[in-house]
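The values are calculated or read from the model by the stated rules, or taken from the named source; none is laboratory data. This is a predicted model, so every value here is computed, not measured. Virtual Cβ from ideal backbone geometry, glycine too; neighbours counted across all protein chains shown. Heads up: the accessible areas ignore ligands, DNA and RNA and are worked out on the full protein's heavy atoms, side chains in. Shrake-Rupley method; radii C 1.70, N 1.55, O 1.52, S 1.80 Å.
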Amino acid sequence: MLHNDNITLYQSIAENIVDALQRGHLQVGDKLPSVRHQARSRNVSINTVLSAYRHLEERGLIEARPQSGYYVRSRLPTVSQTVMPTSPVLFPKLEVLDLIDTVFAAQQNPLFTDISLACPVGGEFYPEKKLARILNQLVRSRPEMLGTYSLPPGSIRLRQQIAHRASSLGMSLDADDIILTHGCMEALQLALRAITQPGDCVGLESPTYFYMISLLGSLGLRAVEIPTDPQRGISVDAIETLLKDNQLNALLLMPSVQNPLGCSMPVAARQRLARLLNQYQIPLIEDALYAELVFSGDPLPAVKSFDKEGWVIFCTSFTKTLAPDFRIGWMTGGRFAEKLRRMKTLSSMSEPAILAETLGRFLATGSYDQHLRGLRKRYAHQVQEARGLIAKYFPEGTRATQPDGGFVIWVEFPPGVDSVQLFHHALAERISLTPGTLFSPSGRYDNAFRLSCCYSFNERYITAIKRVGELACEMAGIAPPLGISQP
């Protein structure tokens with residue numbers, strides 16, 4: 001009898017929450033009352049509330065987030081598989097490169113509302129005040145730094161802190177292994193110049209970050225699009241086939257929190273990839289820009305951590321997590337280290353000492369991990385909130401990725417929506433988005449776009465997403481989903 005009473009109680013709690021969802025009293029992304037609060041307010045046991053919440057989880061209505069609580073879950077379907085590339089591309093299409101320039105111009109216009117640029121802005125996302133205090137202290141105590149040229153290899157304090165933090169990604173490095181760069185993009189450019197020649201074939205994820213395409217085009221390199229799963233990352237089977245057929249000279253990949261899919265390669269796939277690189281003696285440039293922004297658990301070990309013979313060049317920066325305008329990144333070059341050091345010196349000599357020292361001192365305080373925890377939590381919440389807006393306002397049949405971390409979502413429309421046309425329609429209303437064709441050297445993915453969740457979710461941003469959804473509905477001739485149906 002007691003067992004049946006408990007079932008009735010937890011079902012009653014669950015149905016009350018479902019009713020709140022259907023009436024709009026609870027929205028996608030809202031946090032539910034804590035288990036203890038719910039138990040206390042309803043005068044039931046904690047186990048009864050847990051049973052109700054687990055029942056709702058099984059129905060796909062809510063989700064548990066580590067160290068945070070229970071949230072209303074989006075009913076938006078996930079992207080199961082992106083378009084499978086069928087052949088290598090000789091060089092990036094000119095129309096793709098031209099469209100990238102057009103998008104960049106729109107993103108820089110302050111009159112436009114941007115929902116795609118992956119550049120967080122402001123003190124909500126960066127420890128501006130703490131960095132400012134350290135910088136001011138340095139200017140007062142060591143003003144001579146402002147009148148002195150910074151020379152390679154740059155701040156020993158920062159390089160020591162970076163080497164120490166690299167262990168969280170499975171790497172064992174010394175300060176001398178670290179090359180400071182002007183952001184991650186300089187690191188990637190130096191790496192490509194060090195390991196390729198014009199006409200070489202470079203393997204990329206498909207879809208990939210669009211600036212990679214511009215970078216390959218500027219260096220006269222050919223791109224090979226490699227199938228990439230939205231949950232598990234790039235196909236190592238496809239890489240092995242290309243290596244066996246001698247079709248790759250290098251790889252440029254984002255194994256952790258890939259942009260634009262947000263997925264991460266499993267550890268076993270990373271180990272296998274590292275073995276293939278050593279076996280075929282093909283270099284990999286590992287872009288780890290978002291690796292520390294995983295939503296739960298520790299960051300996955302870098303592919304570099306499994307590299308036995310130095311074929312992996314690891315690149316990242318602090319622009320997405322600490323100080324965007326400092327533009328300080330770093331790389332470690334394995335067997336290419338000395339060549340990369342010489343190239344960095346010839347390219348831009350060294351990074352500003354006062355900025356590098358500021359970051360070094362900030363890292364030494366131990367505040368970075370606390371900052372990252374807050375950032376991960378915020379982005380996890382904003383990604384879910386954005387998926388909720390897509391589910392509410394975009395055409396029925398729209399799908400979106402469920403990222404492992406970071407702040408970008410890959411959105412795929414049902415038939416009838418061309419994202420380039422959508423871009424131009426939105427542009428006429430001063431809304432800027434990034435069409436899916438930009439993320440492919442051959443111009444694939446015209447049914448998709450990248451949405452960024454690294455902004456304040458204010459009325460302007462939410463209204464822009466809603467309007468893009470309305471435009472997409474008009475193009476597809478399909479209405480958005482209505483309400484929340486019970487399973």
Can you name every residue in the range 395-424 that is in a helix (DSSP H, G or I) and closer than 18 Å to Tyr461 by Cβ?
-> Leu422, Phe423
Count, please, the residues in the range 253-289 that happen to be surrounded by fewer than 18 Cβ atoms within 10 Å (Cβ to Cβ) and either within 17 Å of Leu192 (Cα to Cα) or β-branched (Val, Ile, Thr) (or both).
-> 2
Scan Arg460, Arg444, Arg450 and give me the residue that is under 24 Å from the mean Cα position of the chain (by Cα), surrounded by fewer than 16 Cβ atoms within 10 Å (Cβ to Cβ) and in contact (Cβ under 8 Å) with a residue 24 or more places away in the chain.
-> Arg460
Which one of Leu169, Leu192, Leu180 is surrounded by 23 or more Cβ atoms within 10 Å (Cβ to Cβ) and at pLDDT 95 or above?
-> Leu180
Selection from the range 402-434 of residues that are within 20 Å of Pro77 (Cβ to Cβ), touching a Ser or Thr at 6+ places or on another chain (Cβ under 7 Å) and among the aliphatic types (A, V, I, L, M) = Val408, Ile409, Val411
Here are Lys304, Lys308, Lys320: which of them is open to solvent by 10 Å² or more (accessible area, probe 1.4 Å) and part of a helix (DSSP H, G or I)?
-> Lys304
Before we move on, is Phe112 within 26 Å of Leu451 (Cα to Cα), modelled with pLDDT under 95 and in contact with a helix residue (DSSP H, G or I) (Cβ under 6 Å, 6 or more places away or on another chain)?
-> yes
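Go through Ala479, Ala472 for me and flag whichever is among the hydrophobic types (A, V, I, L, M, F, W, C), over 18 Å from the mean Cα position of the chain (by Cα), outside any strand (DSSP E or B) and surrounded by fewer than 15 Cβ atoms within 10 Å (Cβ to Cβ).
Ala479 is the lone residue from the list that is among the hydrophobic types (A, V, I, L, M, F, W, C), over 18 Å from the mean Cα position of the chain (by Cα), outside any strand (DSSP E or B) and surrounded by fewer than 15 Cβ atoms within 10 Å (Cβ to Cβ).
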Inside the range 340-359, the number of residues satisfying the requirement of being open to solvent by less than 10 Å² (accessible area, probe 1.4 Å) and more than 22 Å from Val312 (Cα to Cα) is 4
Name the pairs whose Cβ atoms lie under 6 Å apart, with the first residue in the range 276-298 and at pLDDT below 95, the second open to solvent by less than 10 Å² (accessible area, probe 1.4 Å) and part of a loop (DSSP other than H, G, I, E, B), and 6 or more positions between them or separate chains?
-> none
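Can you tell me which residue in the range 425-441 is nearest to Leu375 (Cα to Cα), limited to those that are in a loop (DSSP other than H, G, I, E, B) and open to solvent by 40 Å² or more (accessible area, probe 1.4 Å)?
Ranking the qualifying residues of the range 425-441, first place goes to Arg430.
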If you go through the range 256-278 one residue at a time, do you hit one that is farther than 30 Å from Ile134 by Cα, assigned to a strand (DSSP E or B) and in contact with a helix residue (DSSP H, G or I) (Cβ under 6 Å, 6 or more places away or on another chain)?
-> no
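If you check Leu99 against the conditions, is it outside any loop (DSSP other than H, G, I, E, B), at pLDDT below 90 and open to solvent by less than 50 Å² (accessible area, probe 1.4 Å)?
It is true that Leu99 is outside any loop (DSSP other than H, G, I, E, B), at pLDDT below 90 and open to solvent by less than 50 Å² (accessible area, probe 1.4 Å).
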Conditions (1) within 30 Å of Arg378 (Cβ to Cβ); (2) at pLDDT 90 or above -> Arg142 fails only (1)
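Considering the range 113-157 alone, what residues qualify as being open to solvent by 40 Å² or more (accessible area, probe 1.4 Å) and of a type in the set (A, V, I, L, M, F, W, C)?
Leu117, Cys119, Val121, Ala132, Leu135, Val139, Leu146, Leu151, Ile156
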Identify the single condition in (1) open to solvent by 10 Å² or more (accessible area, probe 1.4 Å); (2) within 14 Å of the chain's Cα centre (by Cα); (3) closer than 20 Å to Leu158 by Cα that Ala337 does not satisfy, given that it satisfies every other one.
-> (2)
When you look at Lys392, is it open to solvent by 10 Å² or more (accessible area, probe 1.4 Å), farther than 24 Å from Tyr290 by Cβ and either modelled with pLDDT of 95 or more or not in a loop (DSSP other than H, G, I, E, B) (or both), yes or no?
-> yes
